Structures are given as structure tokens and as C-alpha cells.
Amino acid sequence: MDIRGAASMPVGHQAFCAEHPEECRASGQTPVLVKLNKMLWEELLAVNATVNRRIRPVTDAELYGVEEYWTYPKNSAGDCEEYVLEKQRELISRGWPRSALLITVVKDRHNAGHAVLTVRTDKGDIILDNQLEVVLPWYSTPYRFVKRQSEKNPASWTSISDTRVSTVASIGN
């Protein structure tokens with residue numbers, strides 16, 4: 001991912017940080033890449049699948065009566081941000097470094113805003129998602145990457161220059 005500099009924090013993340021300031025403090029530690037091995041890869045797959053099965057997809061409007069609200073899942077329901085926050089929380093509880101687990105905003109296949117979790121590894125950035133059943137390198141997803149949390153400070157965001165060329169094909173006469 002080509003990181004280009006500062007970006008605005010999503011409004012939902014601003015409110016989340018106000019409600020959970022401990023989750024948004026900079027640690028002062030040097031950011032790290034996870035040295036991905038078979039055991040850690042299997043743990044990523046398991047956490048992604050478990051959280052995807054555990055949470056029922058429901059919009060913020062249905063759950064909270066507002067368009068955008070980021071929080072941990074309540075009553076096993078939530079939208080993409082709840083999936084991401086829960087995966088991040090679960091991996092941190094298992095000892096994964098916060099600096100390698102970055103909330104990322106993308107445009108999905110329908111050009112709608114969507115959140116995924118970027119896991120920074122020595123093998124490249126890996127994406128955990130609730131819309132795709134597979135865990136993929138960022139460049140293999142069907143998304144256009146917009147911005148993500150800074151690895152140095154979870155309350156700061158950086159823009160992403162996603163210049164990959166997408167291909168559109170048509171079959172027929």
C-alpha cells in the first residue's frame with residue numbers, strides 16, 4: 001500500500017475514540033510487522049471466520065438509529081466497523097501488536113464506504129473482511145483503498161494512493 005500522508009479521521013472513529021480513549025492512545029513504541037508463520041496464519045483465518053460467524057450484519061441505522069456509529073458488537077450484531085473492531089480486539093487479546101492491526105476504509109464493489117482490517121506482516125498487508133470469506137493480500141481484494149489508521153498512532157489516519165488499474169469486461173454482441 002502506498003501511504004501518502006495525513007488523512008481525516010472518519011467521524012465514526014472520532015466518536016469511538018471519545019467513548020474508548022484507551023483504544024486510541026499512541027503507545028510510543030516503534031511499529032512492527034508481524035512475522036507471519038503457519039501458526040499465526042491459521043490464527044488469522046480462525047479469528048476472521050469466528051468473528052464473521054458470530055456477528056449478524058445489521059446497519060447502524062437499524063441498531064442505533066443513526067447513519068454512522070462505531071462500537072464493539074452488541075447482541076452479536078453490527079455493520080462492517082463492528083466486525084473490524086472485534087477482530088482487532090480479539091487479535092490484540094491474543095498478543096498481536098496494535099501497530100500491525102489497522103482499521104482501513106475502502107470503497108467496495110458497489111463504490112460504498114466499507115471498513116476492513118489490515119494486518120501488516122513481513123509477507124505484505126493482509127485484509128480481514130466480513131464481505132469476503134477469504135483472507136487476501138490487500139492488492140487481491142476487489143476494493144479501492146482510501147485511508148487507514150497510522151501504525152504509530154491509532155487516533156491518526158493516513159491516506160492511501162491506490163493507483164491499481166481495475167479491468168472492466170463485457171461479454172456479448
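The values are calculated or read from the model by the stated rules, or taken from the named source; none is laboratory data. Quick caveat: nothing in here was measured; it's all calculated off a predicted structure. Backbone-built Cβ (ideal geometry, glycine too); neighbour counts: all protein chains shown. These accessible areas exclude ligands, DNA and RNA; they are computed on the full protein's heavy atoms, side chains included. Shrake-Rupley method; radii C 1.70, N 1.55, O 1.52, S 1.80 Å.
Here is how the numbers come out for the structure above:
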{"quantity": "Net +/- balance of residues flanking Met1 in space, Cβ distance below 13 Å, scoring K and R +1, D and E -1", "calculated": "+2"}
{"quantity": "Whether the chain is rounded, prolate or oblate, judged on the alpha carbon gyration tensor where a/c under 1.5 counts as rounded", "calculated": "rounded"}
{"quantity": "Most fluctuating residue given options Gly12, Gly113, Gly95, as computed from a GNM of the chain linking Cα atoms under 10 Å", "calculated": "Gly95"}
{"quantity": "List Leu45, Leu102, ordered by accessible area with a 1.4 Å probe, largest first", "calculated": "Leu45, Leu102"}
{"quantity": "Prolate/oblate/rounded label for segment 1-58 (Cα gyration tensor, a/c 1.5)", "calculated": "oblate"}
{"quantity": "Counting DSSP beta bridges with both ends in the chain, the antiparallel % (nearest 5)", "calculated": "90 percent"}
{"quantity": "Sparsely packed trypsin sites (Lys or Arg not before Pro) within segment 1-87, loop by DSSP, other Cβ within 10 Å at most 13", "calculated": "Arg25, Lys35"}
{"quantity": "Long-range HN-HN contacts of Thr121 with modeled amide H, under 5 Å", "calculated": "Val34, Ile126"}
{"quantity": "Computed [θ] at 222 nm, helices only, for the chain once each DSSP H run of length n ≥ 4 contributes -39500 (n - 2.57)", "calculated": "-8000 deg cm²/dmol"}
{"quantity": "Fraction of accessible area attributable to carbon and sulfur, the chain (%, probe 1.4 Å)", "calculated": "52 percent"}
{"quantity": "Per residue accessible area in Å² of segment 37-144, where ligands, DNA and RNA are left out and the probe is 1.4 Å", "calculated": "48 Å²"}
